[in-house]
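Just below is one structure, and these are the notes that go with it.
The values are calculated or read from the model by the stated rules, or taken from the named source; none is laboratory data. What you see is a predicted model; the values in this text were computed from it and never measured. So basically every Cβ, Gly included, is an ideal-geometry build from the backbone, and we count neighbours across all protein chains shown.
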Amino acid sequence: MKADQTVTLNLPATADYVDIVRLNLYGIASKMGFSYEDIEDMKVAVSEACNNSVLYAYGQEGGLVEVVFGVTREELTITVKDEGVSFSLPGNEPSDTAPTLHDKDLHDVEIGGLGFYLMQALMDDVNVASESGKGTQVVLTKRLTRSEEKV
Amino acid sequence: MTTNKNDKFNARTVSEEGKNTVYLSGELDLSVAPDFRLVMEPLVGDSKVDLAINLKELKYIDSTGIGILLSILKARHSVNASFSVEEVPTQIQKLFDMTGIAKFFEPQENSQ
């Protein structure tokens, strides 16, 4: 769906700026009328998308992350885009069998890979487009629930 | 940018006889993960003393933070020592349940 209005942030791809994305998300999502719980869910999901760019996109020289909030009456889409090396780490690909710890023993647990799982679990739609040499784009969508809409 | 990290995240250790409790406040994310690891490292290695973290004032945790908790769980488990979480806020408990880490923590009677 084409966004009626967009807000774009361009940030250095460092961990120090991810909280700025959360603050902006909070402002936009509460203005749209999302519930507290939905906003908390989106905060986690969008931070995980940013973490991936911060951790995997660029080397020592650094780079930028672009975050676009697309606002419509029905939904909020958040696009997180970098121009770094595309990431396809084992266990990091979105799939129906994203790794969780539910059926594992503590010895078998591997640290990592939970970020993508959380994005998928917390958003209505997650779309990852990654092209070699052109970076990675993650599009997260959350729909406004009618029953919680303000009258 | 120089963020004042103490405003953003804080970990305060209270040592009683036989137990260390680390009180976390603010947001535990990628940017403060190294600080959190540094606080926990000496406590994790002390297998004679129980270890707990209190999350009552923690506003936010990401997968990096959950990953650190997992590595602490593994380290404590390997030396047969306890590690528990206390007063987990609802939103954070939801993430613990979703990821499946919840089942590795010892049950706490005072969790919310």
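Quick notes on this structure:
- Within the range B:91-101, if we keep just the residues that are assigned to a helix (DSSP H, G or I) and within 9 Å of chain A (Cβ to nearest Cβ), the residue that is surrounded by the most Cβ atoms within 10 Å (Cβ to Cβ) turns out to be B:95.
- Pair list, Cβ under 7 Å, 6 or more apart: the range B:9-26 residue under 16 Å from residue B:87 (Cβ atoms), other residue modelled with pLDDT under 95 and of a type outside the set (A, V, I, L, M): B:26/B:8
- For beta carbons closer than 7 Å, sequence separation of 6+ or different chains, a first residue in the range B:58-77 that is more than 8 Å from every other protein chain (Cβ to nearest Cβ) and a second that is part of a loop (DSSP other than H, G, I, E, B), the qualifying pairs are B:58/B:89; B:65/B:29; B:76/B:82.
- Residue B:24 meets the stated requirement of being within 23 Å of residue A:118 (Cβ to Cβ), away from chain A (no Cβ under 14 Å) and surrounded by 18 or more Cβ atoms within 10 Å (Cβ to Cβ).
- The set of residues in the range A:76-121 being at pLDDT below 85, among the small types (Gly, Ala, Ser) and closer than 28 Å to residue A:37 by Cα consists of A:91, A:95, A:98, A:112, A:113.
- Qualifying residue in the range B:87-110 (condition: among the aromatic types (Phe, Trp, Tyr) and under 23 Å from residue A:52 (Cβ atoms)): yes
- Listing of strands (runs of 3 or more DSSP E) fully contained in the range A:1-91 that carry 1 or more residues being of a type outside the set (D, E, K, R) and closer than 26 Å to residue B:93 by Cβ: A:75-82
- Scanning the range A:1-48 for residues that are of a type in the set (Lys, Arg) and either surrounded by fewer than 18 Cβ atoms within 10 Å (Cβ to Cβ) or farther than 17 Å from residue A:138 by Cα (or both) returns A:2, A:31.
- A Cβ distance below 6 Å, combined with a sequence gap of six or more or placement on separate chains, defines the contacts here; from the range A:2-30, residues that are among the basic types (Lys, Arg) reach no residue that is assigned to a loop (DSSP other than H, G, I, E, B) and at pLDDT below 95.
- Residue B:80 passes every criterion in (1) assigned to a helix (DSSP H, G or I); (2) more than 10 Å from chain A (Cβ to nearest Cβ); (3) at pLDDT below 95 apart from (1).
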